[in-house]
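Here the structure is laid out as structure tokens; the discussion comes afterwards.
Bear in mind these aren't lab numbers, they're just calculated from the coordinates by the rules spelled out. Bear in mind the structure is a predicted one, so any value in this text is a computation, not a measurement. Backbone-built Cβ (ideal geometry, glycine too); neighbour counts: all protein chains shown.
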Amino acid sequence: MTEQGNPVPSSISAIVKKPTLGVNQRGAGAGITGLMGFFGLLVISMLFFMTENYFISMLMISFALMVYVAGLDTVKIILSSFTVSFSSRHLIDKAACLVETLDSLNKTLSLARSKAGEIKLGPLSKDKVIILPDNMLSRDIQKLIQEGKDFDYAQYILHSYYTECHELYDYSTSNLEFVADAMPLFGLIGTIIGLIAMFDGLGANVSIESLTPQLALALKTTLYGAVFSSFYKIISSRFDQRLKALEYDYETICYALEVIIRNKNQIEVRS
């Protein structure tokens, strides 16, 4: 890419390339791997179901559903869930650079939001030098300012730091919500199986003891379906919160960079 006959610096052109998805693109359909994994785990869950290990059976069903929609990316989603639950850092390094740079800009530009939700900006003189932390994004912003690039080009660079993590969060959220929505249905299936077995056993010599196993099956599968559904909902909400925070940070840093480009401020990167 060139502008006015001048080549774009190599450090920037490496970032402008089409971003790699945060997840494997084959995971969009999961394909034959997801289908085979689903049926394999479903068979295992049925074995636990027949031995009356209903909790393990429902757990295996939840894994089977995740493998069905995510395929091999299931492992990445599980590991990402632990990170999102116990750490405030973004999963992708580029997104972490975006947040780190924004924190520095917040201090320099006094960025804040009004009660109405609009972004407010503190006074900024045109000769003021903006100090940013030493990371990939800060160095690229510095080069953008030095090369005199416009805001549209700068926003494209910023988007490459945002989109990969955004897709990972969105992808993880949709898959976790799918499992959360499906688990109560499998719990209901177990309940119906238990009720059918209980009614089949009704007769003249029926006793409470003879109906207890079927009633336990009906209640336990409903309970475990609701428990696992709630668990996956809670995890998906963590990804959704991160997604909204990332969108807010991206919007804010774009506004800040637009002001810096308009004022033609100089950027200094310090470690």
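The stretch 232-256 and the stretch 62-114 have Cα centres spaced 8 Å apart. Among PHE86, PHE231, sorting on how many other beta-carbon atoms sit within 10 Å of each Cβ, with the fewest leading, yields PHE86, PHE231. Distance check, please: which entries in LYS128/LYS244; LYS244/LYS264; LYS94/LYS143; LYS107/LYS128 exceed 24 angstrom between their Cα atoms? Cα-Cα > 24 Å for LYS128/LYS244; LYS244/LYS264; rest within. Each of VAL69, VAL84 has some number of other Cβ atoms within 10 Å of its Cβ, and from fewest to most they run VAL84, VAL69.
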